[in-house]
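Asks: Sharing a structure with you now.
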Amino acid sequence: MLDSLISNETRLRLVVRLFLNHGSASYLHGLEQELGISSYAIRFELNRLEVSGIIISYREHNRKRFMANKNHPMYNQLNEIIQKRFVPKRFPAGLYGVKN
């Protein structure tokens, strides 16, 4: 379902990654290494997601960090879809901040 709403695979992977780790922020090169996607493609999609308001960013020292925007009107719905689709039912309680 989520892949029909977000048709770009890089954008989808970024949204899933940032929402599954919604309590922490990520930076461009960390996402590049983790996802195996070029920094140009990630930067392009992060900019699109930030303009839409789905994610937010802030500067920490010389790095720009990105995280899911918990104040976005669609945050709860997107988070629910992502949790249902990408988090196994029997996840150990508390692992990665996920509650069963």
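Where a number appears in this text, it was derived from the coordinates with a stated rule and is not lab data. The model shown is predicted, which means the values in this text are computed figures rather than measured ones. For neighbour counting, all protein chains shown are included, and Cβ atoms are generated from backbone atoms with ideal geometry for every residue, glycine included.
Asks: Non-local amide H neighbours of K64 (under 5 Å, H modeled in plane, Pro and chain starts lacking H): which ones?
Replies: Amide H neighbours of K64: L28.
Asks: If Lys and Arg each add +1 and Asp and Glu each add -1, what is the summed charge of the other residues whose beta carbon sits under 10 Å from the beta carbon of L14? Intermediate values should be presented prior to the final figure.
Replies: Details: positive: R11, R13, R17, R48; negative: E9, E45.
Result for the local shell: +2.
Asks: Need the full-extension length gain, E60 to Y27, defined as separation in residues times 0.36 nm minus the C-alpha distance. One decimal, nm. List each step's numbers first, then the result.
Replies: Working: separation 33, 0.36 × 33 = 11.88 nm, distance 0.96 nm.
Full extension of this stretch gives 10.9 nm more.
Asks: A follow-up question, please. Over the C-alpha atoms of segment 2-85, what are the Rg and the largest Cα-to-Cα span, Dmax, in Å?
Replies: 11.9, 37
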